[in-house]
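The structure appears below as structure tokens.
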Amino acid sequence: MSSHRQETVRRLAAPDIAVRKGGVPIVCLTAYTAPMAELLDDHCDLLLVGDSLGMVVHGLPNTVGVTLEMMILHGQAVMRTSRKAMVVVDMPFGSYEGAPEVAYANAARLMKETGAQAVKVESGETVVETVEYLVKRGIPVMGHVGLRPQAVLVDGGFKAKGREVEERARILSEAKATAAAGAFALVVEGVAEGLAREITQAVDVPTIGIGASAGCDGQILVTDDMLGLFDWTPKFVRRYGDLRGEISKAVAAYAADVRDRKFPGPAEIYFAKAANT
């Protein structure tokens, strides 16, 4: 037997994220594929397999068409190559809004088939009871308040929230209720900056901002937006790269080499072995 022991890395879990309230900001990004998860893992505390994959990976117009099977497939890919970061998988539209028992069955399937450490739900008023139901049965839940992408058809588009007094009060109430129901953290998306700070101060669990406030306990972005893979990104995205431009240049160079018969060259082809003499 070998005397060498393989070094093991403990993956972060819900309690590790929960205790970060008010501490060093929590670094989160989305991940949908095995290669990207491997690249992000060393730098992130939490990887979210977001239902945004419907638009980012599959070209859907919004997240409404994303299925449980799609979330499982991408969740499995992310789990295969990440080692350290906590992995949270979105519950897609239609998988949790009905009876809590149905939500539990779907959440349990997500966790069993992916090995992820938690699920995320968009926390409307009617979902609070479901959050409590899931948590009591051993499923860590991350909430999501403010702009809720799964409600895009009701809202008529992706619109910033919390700019009016009545709406501000409702979102703050939903955030408090979701935290009280047992969510270990809250994504706060697309809300007025002051409201994001108010939510962060009002709840005793970490808030993860996206289009919210630097005062949140952490931040998340869609990785493909942040890396500049699209020609348009939302106002709240800061581009840390221009992969769209880099990919375009690389493909253009490849196409030119093919057309000029410069690729493949001697370094990229195989030659017959010399005959024995």
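The values are calculated or read from the model by the stated rules, or taken from the named source; none is laboratory data. Since the model is a prediction, treat every value here as computed from it, not as a measurement. Heads up, the Cβs are rebuilt from the backbone with ideal geometry, glycines too, and the neighbour counts pull from every protein chain shown. These accessible areas exclude ligands, DNA and RNA; they are computed on the full protein's heavy atoms, side chains included. Shrake-Rupley method; radii C 1.70, N 1.55, O 1.52, S 1.80 Å.
Hey, can you tell me all the residues within segment 222-277 that are among the hydroxyl-bearing types (Ser, Thr, Tyr), in a loop (DSSP other than H, G, I, E, B) and open to solvent by 90 Å² or more (accessible area, probe 1.4 Å)?
240, 270, 277
Output the number of the condition that residue 76 fails; it satisfies all remaining conditions of (1) surrounded by fewer than 18 Cβ atoms within 10 Å (Cβ to Cβ); (2) closer than 28 Å to residue 203 by Cα; (3) not hydroxyl-bearing (Ser, Thr, Tyr).
(2)
Every residue, every condition in (1) of a type outside the set (Lys, Arg); (2) more than 26 Å from residue 41 (Cα to Cα); (3) surrounded by fewer than 18 Cβ atoms within 10 Å (Cβ to Cβ); (4) at pLDDT below 95, yes or no:
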residue: 99; (1), (2), (3), (4): yes, yes, yes, no
residue: 103; (1), (2), (3), (4): yes, yes, no, no
residue: 149; (1), (2), (3), (4): yes, no, no, yes
residue: 155; (1), (2), (3), (4): yes, yes, yes, yes
residue: 172; (1), (2), (3), (4): yes, yes, no, no
residue: 192; (1), (2), (3), (4): yes, yes, no, yes
residue: 195; (1), (2), (3), (4): yes, yes, no, no
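Looking at the structure I just gave you, is residue 165 open to solvent by 20 Å² or more (accessible area, probe 1.4 Å) and either closer than 19 Å to residue 47 by Cα or at pLDDT 95 or above (or both)?
For residue 165, the condition - open to solvent by 20 Å² or more (accessible area, probe 1.4 Å) and either closer than 19 Å to residue 47 by Cα or at pLDDT 95 or above (or both) - is not met.
Please list, ordered by first then second residue, the pairs with beta carbon atoms under 9 Å, 6 or more apart or interchain, first in segment 33-60 and over 17 Å from residue 110 (Cα atoms) and in a loop (DSSP other than H, G, I, E, B), second open to solvent by 20 Å² or more (accessible area, probe 1.4 Å) and of a type in the set (Asp, Glu).
Listed by first residue and then by second, the contacts come to 45/16; 57/224.
Here's the yes/no breakdown for (1) open to solvent by 40 Å² or more (accessible area, probe 1.4 Å); (2) touching a Pro at 6+ places or on another chain (Cβ under 6 Å); (3) under 23 Å from residue 36 (Cβ atoms); (4) among the small types (Gly, Ala, Ser):
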| position | (1), (2), (3), (4) |
| --- | --- |
| 53 | no, no, yes, no |
| 94 | yes, no, no, yes |
| 120 | no, no, yes, no |
| 135 | yes, no, no, no |
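Given the conditions (1) in a helix (DSSP H, G or I); (2) open to solvent by less than 10 Å² (accessible area, probe 1.4 Å); (3) β-branched (Val, Ile, Thr); (4) under 27 Å from residue 129 (Cα atoms), report the number of the one that residue 66 does not fulfil.
That leaves (1) as the condition not met.
Check 119, 78, 57 and return the single one that is more than 26 Å from residue 170 (Cβ to Cβ) and touching a strand residue (DSSP E or B) at 6+ places or on another chain (Cβ under 6 Å).
Of the residues listed, the single one that is more than 26 Å from residue 170 (Cβ to Cβ) and touching a strand residue (DSSP E or B) at 6+ places or on another chain (Cβ under 6 Å) is 78.
In segment 89-127, how many are more than 12 Å from residue 141 (Cα to Cα), without any contact (Cβ under 8 Å) to a residue 40 or more places away in the chain and assigned to a helix (DSSP H, G or I)?
Qualifying residue count, segment 89-127: 7.
Please verify whether residue 51 is more than 11 Å from the chain's Cα centre (by Cα) and closer than 21 Å to residue 71 by Cα, treating the condition exactly as stated.
no
Quick check: anything in segment 9-32 open to solvent by 10 Å² or more (accessible area, probe 1.4 Å), assigned to a helix (DSSP H, G or I) and small (Gly, Ala, Ser)?
Looking through segment 9-32, at least one residue is open to solvent by 10 Å² or more (accessible area, probe 1.4 Å), assigned to a helix (DSSP H, G or I) and small (Gly, Ala, Ser).
For residue 213, work out the one condition from (1) open to solvent by 20 Å² or more (accessible area, probe 1.4 Å); (2) part of a loop (DSSP other than H, G, I, E, B); (3) at pLDDT 95 or above it doesn't fulfil.
Exception for residue 213: condition (1).
List every residue pair whose Cβ atoms sit under 8 Å apart, with the two residues 6 or more apart in sequence or on different chains, where the first one lies in segment 209-225 and is in contact (Cβ under 8 Å) with a residue 24 or more places away in the chain and the second, anywhere, is polar (S, T, N, Q) and open to solvent by less than 10 Å² (accessible area, probe 1.4 Å).
From residues that are in contact (Cβ under 8 Å) with a residue 24 or more places away in the chain, the pairs are 216/207; 217/207; 218/207; 220/30; 221/30; 222/30; 223/30; 224/30.
Can you find a residue in segment 124-132 that is under 18 Å from the mean Cα position of the chain (by Cα) and of a type outside the set (Ser, Thr, Tyr)?
No - not one qualifying residue is present in segment 124-132.
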